[in-house]
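Just below is one structure, and these are the notes that go with it.
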Amino acid sequence: MTTLYDFTVQSQNQETISLSQFQNQLVLVVNTATGCGLTTQYQGLQTLHDRYKDQGFTILDFPCNQFLGQASGSDEEINTFCSLNYKTTFPRFAKIKVNGKAADPLFVWLKEQASGPLGKRIEWNFTKFLINRQGQVVARFSSKTDPLAIEEELLRHL
């Protein structure tokens, strides 16, 4: 059975990173964008990260420029923006494609595990997938779902 830990992704420095390093953690995978009307969700994401990181929770941030070009900066510019404006401290990776033929295998798998408003497609920036400590998707949340609104579900899996 495939799990989150079977995937590799690219760091912002284009190094290959194995997601197996997050084994036994509760993980929230989010596709993000810095020029989106939902960008303020970074604040709620950081709040969740701060509250539960010591209990084995982390957020994996994957900037995506597929939705109206709302993550148009370089990986470094995106990281600087998030660090300065939202004081984010959770892991952020290189820009990624989440839909279409060039979609990253991680997001192909995530979409197969949990459908959303548009079926298997990611509808917009800030779609969230909650992955349990066994590396399986247990919930998918719409881009419009405020991060703090998922706290109860998160607590069920901590």
Share of carbon and sulfur in the accessible heavy-atom surface of the chain [1.4 Å probe, %]: 47
Spacing of the two label points (7 Å from each Cα toward its C-beta) at Thr40 and Glu15, in nm: 3.6
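Figure the gain on full extension for Ala149 and Glu77 (residue separation times 0.36 nm, minus the Cα-Cα span) and round it to one decimal in nm.
23.1 nm
Report the full-extension gain for the segment Gln23 to Arg121: residue separation times 0.36 nm, less the Cα-Cα distance, to one decimal in nm.
Numbers: separation 98, 0.36 × 98 = 35.28 nm, distance 2.61 nm.
Roughly 32.7 nm would be gained on extension.
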Whichever lysines have a C-alpha closer than 22 Å to that of Lys53, once near sequence neighbours (fewer than 8 apart) are set aside: Lys87, Lys128
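For segment 67-158, with every protein chain kept in place, what is the accessible area per residue (1.4 Å probe, Å²)?
On the way: 4560 Å² over 92 residues.
For segment 67-158, the per-residue accessible area is 50 Å².
Only helical DSSP H runs with n ≥ 4 go in: add -39500 (n - 2.57) per run for the chain, normalise by residue count and round the 222 nm mean residue ellipticity to 500 deg cm²/dmol. Walk me through the numbers before you get to the answer.
On the way: 4 runs with 40 residues, N = 158.
Result for the chain, helices only: -7500 deg cm²/dmol.
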Label point distance in nm, Ala114-Gln55, each placed 7 Å from Cα along Cα→Cβ: 1.7
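The values are calculated or read from the model by the stated rules, or taken from the named source; none is laboratory data. Computed from a predicted structure; not experimentally measured. Quick reminder, even Gly has a Cβ in these numbers, built from the backbone with ideal geometry, and neighbours come from all protein chains shown. When the accessible area is computed, the model is the full protein with side chains, heavy atoms only, and any ligands, DNA or RNA have been set aside. Shrake-Rupley method; radii C 1.70, N 1.55, O 1.52, S 1.80 Å.
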